[in-house]
Structures are given as structure tokens and as C-alpha cells.
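The values are calculated or read from the model by the stated rules, or taken from the named source; none is laboratory data. What you are looking at is a predicted structure, and each value in this text was computed from that prediction instead of being measured. Glycine also receives a Cβ, built like all others from the backbone with ideal geometry; neighbour counts cover every protein chain displayed.
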Amino acid sequence: MQTGMPAGPGAYRQPGRAGRRLATAAAALALAVGSGVLGGWVALQADDDPPVTTNVSTATNASNRNSSPAPVINRDDLANVAAAVQPSVVSIKTDNGEGSGVVYDDKGDIVTNNHVVASADSDTVMVIFNDGKSTEGRVLNTDPRTDLAVVRVSNVSGLTPAKIGDSGAMRVGDTVLALGSPLGLEGTVTAGIISAFDRTIQVSDDQQDPFGQGQVRTISGLLQTDAPINPGNSGGALVNTKGEVIGINNAILGRNGNIGLGFAIPSNKMKAVVDQLIKGEKVKHPFLGVSVADSTSSGALVRAVAPNSPAAKAGIQEGDVITKFGDKTIGDSDDLVSAVQSSNVGDQLEVTYTRNGEQKTATVTLADAS
């Protein structure tokens, strides 16, 4: 499947190094084709990720967290972990495709990817539980920019809400399981490790040619895993050895299925967004207002500045090269997108940039992208 998520809302990254243009949303192929996930200029329309209630970024090492890391267990014990989590993972079918979901609470709320429900012709989908029972679910609310959605089922008893873990407590090399319905095979479990944190991926709106000239969108702050994820896994659970959901699977790199590079929305970000969606609140997305590309040396080259945006008000101009955003060093355009998306609306941050070889600083106040 060949689509993916848009670039964040604070800084829009223009197509650059081909090796960074990771594509393909992990929903079923038919689903992926009309999934318009996320949206807006990554730098210009700053679709940056919504504020997270935790004070530590999802890329933070577990040693800096209060949560204890997931234990190392015997591989034979993974069967027990899978058995405990499977009742919380569902299959979601729409008129045009299928994906996965995770039971979020006992009120009937199920979290999934926006691109999974976006393929439905109406606001209803079919939810199939682990025990084979099925019911109609209503799309309660969605947030395309973070590729998250909530589906609510009614008059269903005995739901098993998933345990939500702390994605920031995970470490590179930690064992994880991916649960979902890849290619329609419900109840599938695969195993792997956390490969990296805070990944930024680029995807194209052009479903037929993700490396072509369609609008490129970016999503940042993702967990990377080599646990096999395939079309249909979108919206499913990525869990640690405690049986806690630490990510929602949503993207893969590759045109023909799994090649060992999968991505998941961290649970800390997911929880912050989903709690707002359930309450019917508007999810805010930090907005800087610049379109950027990789600089020939180091930094993010400003290609365009949105009128009346935070960047414009701070005096940032086309041709400037941003090298630092707040306390984060900016090595390329992906770094800036990630830095903006991990910030909050209203944050006042110092930006360091060079103009005609001269270093300058400015203070920006991030706005809401919508």
C-alpha cells in the first residue's frame, strides 16, 4: 500500500533526500487508497502533532522516566502476553477496506487510524471482536493530522479495554508485539523490537506514485519497529512485554508489504489526542508557518513563509537557514518538523538562523494550525 501520512503542521518539509521519503500507510490496500491522512504544510501549515500531556518527549530514554522499562522475558512467554492483549484488539471493516482497532475503554470507545475510517462511505463501520462477534460502530471523532480516530460501539457488554503503557519508557531493543488484522487475517500477532524513536516520515497524496509529484506530507515522533506490519495492521496495537499498548500501528516502508520497517504512533501522543476526541474537544496543532527543505550544509532552508504566521511575525524570511529551534539543534528539515510538532500551541521559543552568512535569533509564539 502506498500512501502515508502528511507533514506536520508547524513546518512543511518539501521533497528532499529520496532516502527519507518513507511511504505507505499500513491499512488494507483498498483502504490506503483514499485515506487522505494528516494534512497541510509541515512547515507552512504546521500540522505539527498535538500537545502531549506528559512532560517528556516520546523519544526520551527510559532512564529519565518514572515508569519502569518493560521486562526482558523468555520468548516462550510472549504467547501469554499475546493471549492477554488479543481480546482488546478488533478488526474494523468499511465499505472499501479494512484495518484494526484497540478497545480504549469500557464505554465502547475504540481507537484506530483516521485513514482506516476515512475509507467508509458513511460514519458507520463494522467492528469484529476477538471472539468473532461483530457490531456496527459509529465514527465518533477524528483527527486527520495525527491519523487518529475514535469509533464507538453501543450495547456491547464485556469489553476488555487495553492497558495503555508509557511509550517514553521504551528503549531501543525492547521486545514488542504487533497485533491486528493484516490482509484480513484477524487475530494476527507478530514480534520484533523497538528499532528507533522519534522518526519522521514523508508520504505522498499520490497513492499510485508515492515518490512522484503529489503533495508530500510529514508525520513526526513515531516509534520504529521491525515487528512485521502489513496492510490491515493500521490502527492495531504495538505492545510491550507487560502487555501494555505503547503504540498504534499506522505506517510501513515499502510498496509490497513488510520489509522490517514499520511505524507506530506513540501511546503518549495517542492518549492525549484520543482523550480530546472522546470529549469532543478540538485538537490543537502547533503552527510555525514555514515551508522548508534540507540546506546544502546543515539546517533547514526556508523556502516560503506564510503571511501573518508566527514565523512571519518573528521576521523569518525566505532563504533563511534555521539551525536551532528552542533547545533543539536543527540538522535538516526533518529535525525542524519534529521540533515544531513536539511543541505546544502558545509556546514561545527562540529560533536561531543564518541570513547571508550572519547568525540571527528571533522569538516565535506558536499558533494553532486550524
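Among the residues of segment 269-303, those identified as over 15 Å from residue 325 (Cα atoms) and surrounded by fewer than 17 Cβ atoms within 10 Å (Cβ to Cβ) are 275, 279, 280, 281, 282, 296, 297. Can you find even one residue in segment 329-338 that is in contact with a helix residue (DSSP H, G or I) (Cβ under 9 Å, 6 or more places away or on another chain) and either part of a strand (DSSP E or B) or surrounded by fewer than 16 Cβ atoms within 10 Å (Cβ to Cβ) (or both)? Yes; the residues of segment 329-338 include at least one that is in contact with a helix residue (DSSP H, G or I) (Cβ under 9 Å, 6 or more places away or on another chain) and either part of a strand (DSSP E or B) or surrounded by fewer than 16 Cβ atoms within 10 Å (Cβ to Cβ) (or both). The set of residues in segment 273-301 that are assigned to a strand (DSSP E or B) and without any contact (Cβ under 8 Å) to a residue 40 or more places away in the chain contains only 301.
Across segment 156-189, the number of residues qualifying as buried (at least 24 other Cβ atoms within 10 Å of the Cβ) and among the hydroxyl-bearing types (Ser, Thr, Tyr) comes to 2.
Checked against (1) touching a Lys or Arg at 6+ places or on another chain (Cβ under 9 Å); (2) part of a loop (DSSP other than H, G, I, E, B); (3) free of Cβ contacts under 8 Å to residues at least 12 places away in the same chain, residue 315 passes all but condition (3). Taken over segment 54-99, the residue count meeting the criterion of being at pLDDT 65 or above and either in contact with a His (Cβ under 7 Å, 6 or more places away or on another chain) or of a type outside the set (A, V, I, L, M) (or both) is 19.
Enumerate the strands (runs of 3 or more DSSP E) found wholly within segment 81-181, keeping only those where 2 or more residues are in contact with an Asp or Glu (Cβ under 8 Å, 6 or more places away or on another chain) and more than 25 Å from residue 260 (Cβ to Cβ).
Numbers: elements: 89-93, 98-103, 109-112, 124-128, 134-143, 148-153, 175-180.
Passing ranges, in order: 124-128, 134-143, 148-153.
Taking segment 323-353 as the range and being without any contact (Cβ under 8 Å) to a residue 12 or more places away in the chain and of a type outside the set (S, T, N, Q) as the test, the residues that pass are 327, 328.
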